[in-house]
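Input: a single structure, listed below in structure tokens.
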Amino acid sequence: MSLQSERIQLLMQRLCLTEMVHGYEALAEQAAQKNLPYCDFLEQVLESEANVRQERNIKVRTQLAGFPDLKRLEQFDFKFPAAIDEKKIRELASLRFLERHENAVFLGPPGVGKTHLAVSLGMEAIRHGFSVYFVSLPDLLDRLVQAQAENRMRRKLAHLRKCRLLVLDDIGYRSLDEQATTCLFQLISERYERGSMILTSNKSYGEWGSIFQDNVIASAILDRLLHHSHTINIKGESYRLKDKRKAGVWTPPAAEPATSGGGA
Ligand code: ADP
Ligand code: MG
């Protein structure tokens, strides 16, 4: 390595240009061979540094978001569910709903891809620079109730309110007691018209009263959630069971539980 290369590398390290340290020599050689103007070469090395930094940043924020699995929209087979509004999901993937602080609610029986779609929209949001936090409702409530007991509720809510997109998965798998319902109501009120939420549930809106054990609070929660929202009903059988069905290990029940919903 020439003395000049060493000096250049030291300068890059001092400036934390970590990608350039490894890649600039190859780019400099190519530029010399192709007789590239100096500015073109400078643009190339800066671009490679910026791209690597952006990818690293996306990776870290994806890890911090707490997704259970990394799922992309391209991996979703829209032909599998018996009914799904693909156009509506593509529209959500444009992320305009985030700019307008609207919510999206995925309703449907287990295994039809609600979590997959919620995660893929969350990952898309991260790629576009939005802060995202994913949590299942049972986990969130455990954490909120604990925060309340330790007098940290305000701080915890501030953290959950701050992210641009909060994904609340699995509403309806467990019914909520009064304390948990109050915590959830507080969170939803705090986020109302300030940040977007994506919710998933195996229960139709009509059944939400039984989750919260109180119809008045259920309506107050739904009122805030659905004021600016998109509801996507997914119908069909579980994707998890499709291979088992093919192999004859499992036969679907005669009728799927009906799922219905309103919203904008
Ligand atoms: P739900 O949240 O509705 O219970 P999930 O999103 O967890 O369902 O889906 C269960 C599994 O099946 C996941 O691994 C998911 O990626 C996959 N899956 C579901 N629907 C589809 C689909 N239409 N195309 C591809 N994979 C799917
Ligand atoms: Mg799910």
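The values are calculated or read from the model by the stated rules, or taken from the named source; none is laboratory data. This is a predicted model, so every value here is computed, not measured. Here Cβ is always computed from backbone atoms with ideal geometry, including for glycine, and neighbour counts include all displayed protein chains. Ligands, DNA and RNA are excluded from the accessible area calculation, which covers all protein heavy atoms including side chains. Shrake-Rupley method; radii C 1.70, N 1.55, O 1.52, S 1.80 Å.
Numbers for the structure displayed
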read-out	value
Hits in region 113-158 (condition: small (Gly, Ala, Ser), more than 15 Å from ligand 1 (Cβ to nearest atom) and open to solvent by 10 Å² or more (accessible area, probe 1.4 Å))	Gly129, Ser131, Ala149, Ala158
The one condition in (1) under 13 Å from Leu140 (Cβ atoms); (2) open to solvent by 70 Å² or more (accessible area, probe 1.4 Å); (3) not basic (Lys, Arg) that Asp177 fails to fulfil	(1)
Residue within region 95-102 that is more than 21 Å from Glu190 (Cα to Cα), within 16 Å of ligand 2 (Cβ to nearest atom) and surrounded by 15 or more Cβ atoms within 10 Å (Cβ to Cβ) present	no
In region 106-128, residue farthest from ligand 2 (Cβ to nearest atom) [restricted to those that are in a helix (DSSP H, G or I) and farther than 17 Å from Lys88 by Cα]	Arg127
Criterion: in the same structural domain as Asp214 (by TED's automatic domain parsing) and on the phi > 0 side of the Ramachandran plot - qualifying residue of Glu178, Glu193	Glu193
Residue check, Ala26 among the aliphatic types (A, V, I, L, M), loosely packed, with under 13 Cβ neighbours inside 10 Å and assigned to a helix (DSSP H, G or I)	yes
Helices (runs of 4 or more DSSP H) completely within region 164-247 that count 1 or more residues being within 16 Å of ligand 2 (Cβ to nearest atom) and at pLDDT 85 or above	208-212
Every residue from region 76-112 that is without any contact (Cβ under 8 Å) to a residue 40 or more places away in the chain, within 16 Å of ligand 1 (Cβ to nearest atom) and among the small types (Gly, Ala, Ser)	Ala93
Filtered residue count, region 1-23, keeping only those that are over 40 Å from the mean Cα position of the chain (by Cα), more than 18 Å from Glu43 (Cα to Cα) and surrounded by 11 or more Cβ atoms within 10 Å (Cβ to Cβ)	1
Scope region 209-239; condition among the hydrophobic types (A, V, I, L, M, F, W, C) and either surrounded by 19 or more Cβ atoms within 10 Å (Cβ to Cβ) or over 21 Å from Ala118 (Cα atoms) (or both); matching residues	Ile211, Phe212, Val216, Ile217, Ala218, Ala220, Ile221, Leu222, Leu225, Ile232, Ile234
Odd one out for Glu49, checked against (1) part of a loop (DSSP other than H, G, I, E, B); (2) farther than 26 Å from Gly195 by Cβ; (3) more than 16 Å from ligand 1 (Cβ to nearest atom)	(1)
Residue match in region 159-168 (condition: more than 17 Å from Glu102 (Cα to Cα), more than 16 Å from ligand 1 (Cβ to nearest atom) and either in the same structural domain as Ile217 (by TED's automatic domain parsing) or surrounded by fewer than 19 Cβ atoms within 10 Å (Cβ to Cβ) (or both))	yes
Test: residue in region 79-92 that is part of a loop (DSSP other than H, G, I, E, B), among the basic types (Lys, Arg), under 16 Å from the mean Cα position of the chain (by Cα) and farther than 28 Å from Trp208 by Cα	no
